[in-house]
Amino acid sequence: MTERLTDLMQRAVDDLRVPPAPTERVVAQGRAVRRTRRRTAAAVTAAVVLVAGIGVGATWRGTSEVEPARPDDTGRAEDLAGNGPALAVGSTVVLDGGDVIARVGADAVRSLYYTSAGVVVRHGTDAAQDGSAVMRFSLLTASGSLTRLPIELQSAVPSTDPTEPYLAFSTVAEGTVQVVVLDVRDGVEAARVPVPQVAKWGAWTSPVVSLDGDTVYVGSAEGSVSVDWRTGEVTETAEVDVYPDVRGGHTIATADGAPIVVDVATGELLAGTTGRSGMLSLSPDGRYARVGERIVDLETQAITRVGLRGPIGWSPSDEPFTLDGDRLTTCSPTTGECVETRLDLPAGAGSDDVRLGGVTYES
């Protein structure tokens, strides 16, 4: 199985290099502070450009103007949709660590995306990652309700924020890039923002985006931008590359050929890696980074070792987890303590049929 930014992460390592926190930084900054900060203009530093091939085709319905925020459109994912891991085996989706089990008909599941309204399931006739299959989207809630969303994509890489009820993606209309934000609760557009500042984005048919709160980061080969999708304001953002992946105001970049985690708004180095090969990833809300068996808290700089092997996903509450056969193992990112649960899964499923929440399988 693959993770988002797999090629970039191959040079990540087993030993974390965590820089000392600067005295002027308040270590215990909360999500509210980060969310306010990431709405400001980002500091300008070097960007890393990745070139890959992705196409996009989409259909949707809704309005074409930015709408006012709904009063109930934010909240922790665990408050509204359960806090346990989500995973899929073939067409069977397991939500909240086994409390909810549903099927997406005869389709195969390709990816799972956490939102505050539930888990968005990307599914289609097969789970191919080559863009040949049209992918459908459904919302699975903690009650077990499965609702189709009015959108179909091929190779596009959509994005969600676990604290928001939205799915973001980009398209090109009459030569102009547009950022589309879809409300997954009712399938209606919350916003569609033109971004004429973006003209080149490598080999993709439309730019890759990353949703983080009120901001959609849009990848560009000439300098990526951030879009305040509620106001339509567009700002140059050098801290993200042509394949942006921003979570909680943090993103993965490179320094001297090695992956690092930086603060998008300030460019501050939060964690880095040196040594042998490994995989660096961010938790859904960006509070934690993982390299191998080590979890670093990006606010406190504390490091916790967890005894997990193989492909590792994240729960919406930032707990790393793995699936071995029917055994689900979930660990605390702060204590390293793990709990094992037996799941009722389809017989005969192989590793290629498994999809873990918190992991993007699009290439």
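A single member of 272, 292 is of a type in the set (Gly, Ala, Ser), surrounded by fewer than 24 Cβ atoms within 10 Å (Cβ to Cβ) and out of contact with any helix residue (DSSP H, G or I) (no Cβ under 9 Å at 6 or more places or on another chain), and it is 292.
Would you confirm, using the coordinates I've provided, whether residue 259 is more than 28 Å from residue 109 (Cα to Cα), touching a residue at least 40 places away in the same chain (Cβ under 8 Å), crowded, with 22+ Cβ neighbours inside 10 Å and touching a helix residue (DSSP H, G or I) at 6+ places or on another chain (Cβ under 9 Å)? For residue 259, the condition - more than 28 Å from residue 109 (Cα to Cα), touching a residue at least 40 places away in the same chain (Cβ under 8 Å), crowded, with 22+ Cβ neighbours inside 10 Å and touching a helix residue (DSSP H, G or I) at 6+ places or on another chain (Cβ under 9 Å) - is met. Restricting 186, 161 to those that are out of contact with any Pro (no Cβ under 6 Å at 6 or more places or on another chain), of a type in the set (D, E, K, R) and within 19 Å of residue 360 (Cβ to Cβ) reduces the list to 161. Every condition in (1) among the hydroxyl-bearing types (Ser, Thr, Tyr); (2) at pLDDT 95 or above; (3) touching a Lys or Arg at 6+ places or on another chain (Cβ under 9 Å); (4) more than 17 Å from residue 163 (Cβ to Cβ) holds for residue 215 except the one numbered (4).
Looking at 208, 179, 240, can you tell me which residue is touching a Gly at 6+ places or on another chain (Cβ under 8 Å), surrounded by 24 or more Cβ atoms within 10 Å (Cβ to Cβ) and within 30 Å of residue 146 (Cβ to Cβ)?
Details: 179 fails: touching a Gly at 6+ places or on another chain (Cβ under 8 Å); 240 fails: within 30 Å of residue 146 (Cβ to Cβ).
Only one candidate passes the filter, namely 208.
Restricting 170, 143 to those that are modelled with pLDDT under 95, assigned to a strand (DSSP E or B) and among the small types (Gly, Ala, Ser) reduces the list to 170. Screening the candidates 341, 335, 300 for the property of being without any contact (Cβ under 8 Å) to a residue 60 or more places away in the chain and either part of a loop (DSSP other than H, G, I, E, B) or not basic (Lys, Arg) (or both) yields one hit, 335.
Can you say whether residue 265 is on the phi < 0 side of the Ramachandran plot and touching a helix residue (DSSP H, G or I) at 6+ places or on another chain (Cβ under 7 Å), as far as the supplied structure shows?
yes
Figure legend. Inter-residue proximity from the range 90-115: first residues under 19 Å from residue 328 (Cβ atoms) and of a type in the set (D, E, K, R), second residues in a strand (DSSP E or B) and at pLDDT 90 or above, beta-carbon distance below 7 Å, spacing 6+ or different chains. Indicated pairs: 103/92. Where in the range 181-286 are there strands (runs of 3 or more DSSP E), lying wholly inside it, with at least 2 residues that are of a type in the set (A, V, I, L, M, F, W, C)? In the range 181-286, 188-194, 209-212, 215-218, 225-228, 250-255, 258-263, 269-274, 280-282 are the strands (runs of 3 or more DSSP E) which contain 2 or more residues that are of a type in the set (A, V, I, L, M, F, W, C).
When only residues in the range 344-358 that are modelled with pLDDT of 90 or more and not in a strand (DSSP E or B) count, which is surrounded by the fewest Cβ atoms within 10 Å (Cβ to Cβ)? Even if it seems obvious, please write down each step before you answer.
Taking the range 344-358 first, the residues modelled with pLDDT of 90 or more are 354-358.
From the residues that got through so far, the ones that are not in a strand (DSSP E or B) too are 357-358.
Working: 357: 24, 358: 27.
Checking each candidate, the answer is 357.
Between 202, 144, the distinction of being out of contact with any Asp or Glu (no Cβ under 7 Å at 6 or more places or on another chain), surrounded by fewer than 23 Cβ atoms within 10 Å (Cβ to Cβ), farther than 17 Å from residue 117 by Cβ and in contact (Cβ under 8 Å) with a residue 12 or more places away in the chain belongs to 202 only.
The values are calculated or read from the model by the stated rules, or taken from the named source; none is laboratory data. Quick caveat: nothing in here was measured; it's all calculated off a predicted structure. All Cβ positions, glycine included, derive from the backbone under ideal geometry; neighbour counts span all protein chains shown.
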